[in-house]
Every structure is written in structure tokens, then in C-alpha cells.
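Student: Structure incoming, see below.
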Number of protein chains: 4
Amino acid sequence: MTERTRPLGRPRSEDARLAVLRAVDDMLVEEGYAAMTMKGIAERAGVGRQTVYRWWSSKAEILLEASAADAARELTVRSGADAESEVTAFLVALTTFLTRSDAGLAYRALLGEAQHDRKVAELLSGTDVLGDAARAVIGSARAHGALAAEPDTDALVAELVGPLVYRILAEGRTAERTELQRMAARFLAR
Amino acid sequence: MTERTRPLGRPRSEDARLAVLRAVDDMLVEEGYAAMTMKGIAERAGVGRQTVYRWWSSKAEILLEASAADAARELTVRSGADAESEVTAFLVALTTFLTRSDAGLAYRALLGEAQHDRKVAELLSGTDVLGDAARAVIGSARAHGALAAEPDTDALVAELVGPLVYRILAEGRTAERTELQRMAARFLAR
Amino acid sequence: MTERTRPLGRPRSEDARLAVLRAVDDMLVEEGYAAMTMKGIAERAGVGRQTVYRWWSSKAEILLEASAADAARELTVRSGADAESEVTAFLVALTTFLTRSDAGLAYRALLGEAQHDRKVAELLSGTDVLGDAARAVIGSARAHGALAAEPDTDALVAELVGPLVYRILAEGRTAERTELQRMAARFLAR
Amino acid sequence: MTERTRPLGRPRSEDARLAVLRAVDDMLVEEGYAAMTMKGIAERAGVGRQTVYRWWSSKAEILLEASAADAARELTVRSGADAESEVTAFLVALTTFLTRSDAGLAYRALLGEAQHDRKVAELLSGTDVLGDAARAVIGSARAHGALAAEPDTDALVAELVGPLVYRILAEGRTAERTELQRMAARFLAR
DNA sequence: GATTAATCGAGACGGTACGTCGCGTCTTAGT
DNA sequence: ACTAAGACGCGACGTACCGTCTCGATTAATC
């Protein structure tokens, strides 16, 4: 009988876990990533600091857990009539995500932190929300008969997502719907 | 007599300024952006802390001044025989810059910080090293007769630079020369 | 049948009790009173923390229980030929107790804690190891015909014990045997 | 020219020093030694924590500095008509000091802490308020022609001070004036 | 034999002080 | 007016211990 026995001692409090995730979510929007501190999170969540440190090693880790599911959901696009409308819908969703969504704010903060913190970079390398969403759209486009010429999906992901991400994250600009439509058309025209 | 008279008192010490810039350069490589502190910079430079605060308001500002010139130089590409070789050379330079250069490390740190720090974002919006370099290459390509179909230079910049930047910064990968060549070819094939 | 019935439920574990007392004894010597913590005691004794808190309310209480018997034993003096040799023997025992014995170390720690902790002061007021031992010696001296002039035993206790205790606890000095002999002689010369 | 030059940098703030000493004085009386924390002291004094740690290494050290002068003053006895009245006055002062004075409260806390903290013990060994005061009284008694028989001043100090200190600190009792008079008489009767 | 009740070890819980570090400001003397 | 030095008030860091709480498991007495 390999019955998995419950670990000894008082079990982890689900209440505390949710309170922390919720606090991080709220604080990111209200105060921003830089102003968020482990101490502040614990106090806001009504939780001991040790409890936070026991289960997460950094605010980045909490933020990732708090926003990953939302991010994936917000980047999922309903299947459409044709490849171009689907790709356009994805680019619209991506723009909204990066410029208006709370989860997108978290993603930007984490991606930013990853540029000068090895730990965060490794943490992020475990998940690839943008890439996963992009791959889904590319797969759907292929099912519609598009993109037959290019077999390298990774390259396609970068070409689909890269220009828009660069525009928003590095140039600080955004994009109109018509621009996104043109971008989608160009992407499929290969 | 509108000659602007020199301000009173002891003039700013060029020695101190250079010592600070040098210290920031070295510390970024040796210790990383996060471990770099204003206090540490001052001590390393053998300079009073007030002197640092008097001339720069944050480590991001110092870092920008310390690395901007290097960045521009490293991203400048010699004119080549044809558009494709020039674009390829630029992508190679960009890859080296982002993955191996000290100035590139500074750029990544600053771009990262800009994602969760409004001040840094504004600071960076004043300069656009990647964009400027890309525009130069695009102009040269046009002089070679390429890219006639697309008049929107900003869109071209994002399409040239975005995929590679995304690949390196968000996916943490790099790119081989052959891959960069294909990327250049695809970019010009419109 | 007024036989007091055993309380319901699992009875107190004698093993646990002894393990805690033993742990406190050892830790006092090895790490000192200040470094001793309730958490540490429980771990050292291999006992749950709740078990410790269930039976004792502070480390002072445990320490008192762990050392009281030893202290009384160490301060008991064999009856001797005359009053002076008995008193001297007591002063020697007291010196050894305060400067070398583990139980004496516990006594000093408790007496010290009592100076700034009301609870510990009350705890200690219940027992008077030094006083009891001194009273026994004084009684014996009286039986030998000494100290007839002074009927106030409490005053005698303080005069017998006080100077030596002060010397050791407040001045941090100790006392040679010849000094103790002189002290005993002076004490009896009244 | 051995002109002693002032140390570099901003000089120590006398305001901060006094605020800390004052805070410790007040807190000892209001909250007690055990409840006093370095954090609390800093906050009460309106001073940064680092500033406290910069100049004192423990609350015991601050307390000593804050109370030493008061203690010495309170234990100083005006010269009287004869030795007995002087010694009695000293014992009264000592009783008041140990049972009612703020400085005495500090002395008891420090002496207590010294029993289980080596650092505090060493700290206290540098000063000997009780001993110094006792020595002064004994000197004065000798000037009055008393105590000629006993040349060992240290022993006299212990015999003068020890019984009363023991009575108050270890037995938690106090002493009436008549009792102190008898004690003084006995002390001088040798 | 099953139930009940109090114990046991283990360990997570909300708190809070620890001593350190960096922040950005200030106050010196010296250039 | 500038410089280096360094103390200032402030507050977050990650750790340790506080005393309490919730687990499953154990151990007697009672039903």
C-alpha cells in the first residue's frame, strides 16, 4: 500500500496563500512594482512575513503565480473565420494585454526585472505566456492553410510578437487597430 | 556683452565626473545592476555621495550617460556592397550588443528598469539607440533600392529590430549567423 | 470512596518531562541563559513546543524545577566539630555553588532575571535556597552555643550570606579559603 | 604643532545622544527593562536605529551611560556628626536607591543582566557605583576613628553593603530605619 | 471492543525585534 | 561653489523566536 501520507504538522493555509496573491495583485496596480515590498505584501495580506518567505522567495515569484493564469486567459483568442482575422485579434489582445491589463503590467514588470536579475530570468524561462499564445495562433493559421512556406515556428513567433512587443516596451508607443491589421496581413504574406 | 559669465565658485570637477562614470561601468559588469548602489558608486569612485546626487538623480541616469556613446558606436555598421549584407551586419552587431557588450548590458538593465519605473522610462524616451541605428540601416537599404514598397519607417524599424530583441530579451535565446542572414533576407523581401 | 480518580485522557508523559528538564540543564551550561529559547528547548528535548508550554509558562520556571533540588543538595553542609568549621564549610560550599556549579549558574540566571521580570521574582519568592541553607547552618551554630546574642535570624542570614553573594555577583570576584575562614570567624564573633 | 585635528565628516549630534539617553531613562520607568527594545528606544527618541547602534552596542550600555551619574549622586552621603550616623545615612540612601530610585532600577536591571550576559558583566566591571560610595563612607568612618581593627577595605565594603543588597535583591524585602541603624551599629562594632 | 478525551510530535500561523544596508539629506572642514 | 567624509532620520531586508493553532497519531479510562 503506497498510500501517500500527509506531511506532518499543521497544513499550509489556503487562506494565507490567497490573501498574499490577492495583495500582490492589488498592490501592483495601486502602487507599482518598485514600491511593492515583501514587508508591505505581508502587511496588506494580513499575514506574517515568515509565511510569505516560507512559500515564495521573492516578490517576482509571487507576482508570477498571481498573474500567470490571467495572462494566459487574456491572450487566448477565439477561433475566427480566417487566418487574418485571427492573427489581428491576437495582436489586438496582445496590445490590450501589454498596455491596459493588470496581468500585462505584471508581465512587463517581471520581464523588466529579468533583465538584471538572473533569478527572475530563470523563473520566467519556465513559462512563456506570449510564446504559447502565439504558437496557438500560428497553429490555427496553418490549419487555415496559411504560412505553409515557413516551417520554423520559433522564428514565426518572434516575427509575429517581436515587432509589437518592441514598439510597446522599448519605444513606449502603442498601435491602432488598422496598424495591427496591416501588421497581421504582412505577417501572413510570406 | 551677452557673454554668459562662468558661474561663481569652484567649477565642477571633471575628474569626479569621469571617476563616477568609470565606476558605474565597472560595477555593472562586476556586480550587476541590482547590486549597484549610489553609495557603492560614490565609494568606488572615491567621491563624496553628495557629489553624485548633485549631478545625477539616479543610478539609471549615470548608467545612461556612461553607456550611450558606446552603444551608438557598437551599433553603427560600415556600409557594405549590398542591402542584405548591410542588414545582416546590423543584426549581427545587434546580437553581439545585446548578448556580449557591456553597453548592451546597460541597455538591457535600463530597458528593464523602465518597465516598472516611470522616471527611467521617461529618461529612456529621450534617446533611441536601437531605433536610430536601425533607421540608418534602413536608409542605406533604401539607397540601395530596397524596401521601396513600405513608406512607414517606424513600422520597418519594429520589424527589423523587434523579432531579434524579443528572441534575446524575452526568450533568453540568441541567434546564429545563418539565422540572422535568413532574417535579413526575409526583412528585405517585401 | 473519596479516592481521587485519575483524570481522563492520555496521562502526562514522564519521558517528555525529564527530556525537557535535562535539555534545559544542558543548554544552560553549553549556551547560556540568554541563548536558551523555548523553541530551542523543545527541539533539543525532542518534544513538541506545545508540550513545553502546557506544563511550564517560561524558561525560568523550567530552570527552577530543573535546578532547585541540586541547589539545595549542594548547599547542605555536613555537621562538623565546632560552629566555625561548619560556617566555613558553608561559605566554601556557597562559593563553589555560585562560581562553579551548574545549579549555581541557574540560580544566578534566575536571580538576575528576577531583577527585571516581575513574574520571575514571584516565582523565586516561593523558594529561598540560600536562605534555607543559611538558616540550617545558623541553627547548628546555635546548637553549638554560638550566636546567642542575636535573636533575629533573618538579619543573621543576610549577614552570613550577603557579603559573599555581593562579592561574587556584584563585584565579580571570588574568595580564597583563608578569607572565608576569617569571614566565618567575624560572623561568629558577636 | 601637534594640533589635534577634528575628525572628518559631520560631527556626532549631541541632540541625538541626549534624546536617546532621555528615552532610555523614561522607558525604563514606564515599561521596564525587558520591554525596552533598541527599536523602541530609537523610535521614542525620534532617532534612526542606525544612530543608536553606531554609538552603543546594547541597551545595557545606553542604560549605564544614562544612569551612572545619577546613581553616584544618589549614593553620596553628607558628612555627619559621627561615624554611626554617617553609615546609617548611607544605608538609608542605599535602600532608597535600590527600592525607589530610577537609577537604582537601572542598576538592578544591569546587575541582573550581568548574571547571564558576559558582555554586560564586563561593562559593569568598569564601574562600581556601590563600592565607590561605600568606600567613601568607610573612609569617613576611619577619619572618625572607627574601624581601626580591620585594614582590608574590600572586605569591609562587602560587609557593609552585602547584607542589605542581599535582603533587597535576593529576598525581595526592604528595611526599616531602625533596622538600618542596628545594622550600622553592628558594622561599626568591631 | 468501541468510544472518548487528553496527550504527544510536528510544523504553519500572525506578530515583532533583531542588526544591517541603502536611501537621500545634512553638516563639517578643506580646496 | 565645489570637494570628500561621514552622521543623520527613515524604512526594507531576511531571520529568529514569540505563543497559538491545527494536523494525525497515541494512550488510558469509560461505555
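The values are calculated or read from the model by the stated rules, or taken from the named source; none is laboratory data. This one's a predicted model, so the numbers in the text were calculated from it and none came from an experiment. In this analysis, Cβ positions are derived from the backbone assuming ideal geometry, glycine residues included, and neighbour counts consider all displayed protein chains.
Student: So which residues in the stretch C:62-116 are within 9 Å of the chain's Cα centre (by Cα) and among the small types (Gly, Ala, Ser)?
Tutor: Within the stretch C:62-116, C:SER67, C:ALA68, C:ALA69, C:ALA71, C:ALA72, C:ALA103, C:GLY104, C:ALA106 meet the criteria.
Student: Follow-up question, since we're still on this one. Mind listing whichever residues of the stretch C:71-100 are touching a residue at least 24 places away in the same chain (Cβ under 8 Å) and either outside any helix (DSSP H, G or I) or not assigned by TED's automatic domain parsing to the domain that holds C:ARG182 (or both)?
Tutor: Listed by number, the residues that qualify are C:LEU75, C:THR76, C:VAL77, C:SER79, C:ASP82.
Student: Could you tell me which numbered condition C:LEU123 fails, if it satisfies all but one of (1) within 30 Å of D:GLU31 (Cα to Cα); (2) more than 8 Å from every other protein chain (Cβ to nearest Cβ); (3) not in a helix (DSSP H, G or I)?
Tutor: Going through (1) within 30 Å of D:GLU31 (Cα to Cα); (2) more than 8 Å from every other protein chain (Cβ to nearest Cβ); (3) not in a helix (DSSP H, G or I) one by one, C:LEU123 breaks only (3).
Student: A further question follows. Of the conditions (1) surrounded by 18 or more Cβ atoms within 10 Å (Cβ to Cβ); (2) away from DNA strand F (no atom under 16 Å from the Cβ); (3) at pLDDT below 95; (4) not aliphatic (A, V, I, L, M), C:HIS116 clears all except one; give me its number.
Tutor: So C:HIS116 meets the others, but not (2).
Student: Condition first: within 16 Å of DNA strand E (Cβ to nearest atom), out of contact with any strand residue (DSSP E or B) (no Cβ under 9 Å at 6 or more places or on another chain) and within 14 Å of another protein chain (Cβ to nearest Cβ). Can you find one or more residues in the stretch D:41-57 that meet it? Lay out the reasoning, then the answer.
Tutor: Restricting attention to the stretch D:41-57, the residues satisfying the condition of being within 16 Å of DNA strand E (Cβ to nearest atom) are D:41-57.
Add one more test, that the residue is out of contact with any strand residue (DSSP E or B) (no Cβ under 9 Å at 6 or more places or on another chain), and what stays is D:41-57.
Cutting the leftovers down to within 14 Å of another protein chain (Cβ to nearest Cβ) gives us D:50.
Yes, some residue in the stretch D:41-57 is within 16 Å of DNA strand E (Cβ to nearest atom), out of contact with any strand residue (DSSP E or B) (no Cβ under 9 Å at 6 or more places or on another chain) and within 14 Å of another protein chain (Cβ to nearest Cβ).
Table: residues versus (1) without any contact (Cβ under 8 Å) to a residue 40 or more places away in the chain; (2) over 17 Å from D:ALA109 (Cα atoms).
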| residue | (1), (2) |
| --- | --- |
| D:GLY126 | yes, no |
| D:ARG135 | yes, yes |
| D:LEU147 | no, yes |
| D:VAL161 | no, yes |
| D:VAL165 | no, no |
| D:ALA170 | yes, no |
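Student: Related question: D:GLU159 - would you say it is facing chain C (nearest Cβ under 9 Å), under 24 Å from the mean Cα position of the chain (by Cα) and surrounded by fewer than 20 Cβ atoms within 10 Å (Cβ to Cβ)?
Tutor: No; evaluated as a whole, the condition is false for this residue.
Student: Now a separate question. Checking the structure you have, find out if any residue of the stretch B:96-106 is within 10 Å of chain A (Cβ to nearest Cβ) and basic (Lys, Arg).
Tutor: No, there is no match, as no residue in the stretch B:96-106 is within 10 Å of chain A (Cβ to nearest Cβ) and basic (Lys, Arg).
Student: Would you say B:ALA35 is of a type outside the set (Ser, Thr, Tyr), out of contact with any Cys (no Cβ under 7 Å at 6 or more places or on another chain), buried (at least 17 other Cβ atoms within 10 Å of the Cβ) and within 29 Å of A:LYS119 (Cβ to Cβ)? Please lay out each step first, then the result.
Tutor: Working: of a type outside the set (Ser, Thr, Tyr): yes; out of contact with any Cys (no Cβ under 7 Å at 6 or more places or on another chain): yes; buried (at least 17 other Cβ atoms within 10 Å of the Cβ): no; within 29 Å of A:LYS119 (Cβ to Cβ): yes.
Here the answer is no, as B:ALA35 does not meet what is asked.
Student: Could you tell me which of the residues A:ALA141, A:ALA158 is within 23 Å of B:VAL157 (Cβ to Cβ), in the same structural domain as A:ALA93 (by TED's automatic domain parsing) and in a helix (DSSP H, G or I)?
Tutor: On the way: A:ALA141 fails: within 23 Å of B:VAL157 (Cβ to Cβ).
Going through A:ALA141, A:ALA158 in turn, just one is within 23 Å of B:VAL157 (Cβ to Cβ), in the same structural domain as A:ALA93 (by TED's automatic domain parsing) and in a helix (DSSP H, G or I): A:ALA158.
Student: Then there's this: Step by step: first the residues of the stretch D:1-32, then only those that are farther than 20 Å from D:ALA114 by Cα, surrounded by 10 or more Cβ atoms within 10 Å (Cβ to Cβ) and of a type in the set (Gly, Ala, Ser), then the one that is farthest from DNA strand F (Cβ to nearest atom). Which residue is that?
Tutor: D:ALA23
Student: What's the number of the condition D:VAL47 fails, among (1) within 14 Å of DNA strand F (Cβ to nearest atom); (2) in a helix (DSSP H, G or I)?
Tutor: Among (1) within 14 Å of DNA strand F (Cβ to nearest atom); (2) in a helix (DSSP H, G or I), the lone unmet condition for D:VAL47 is (2).
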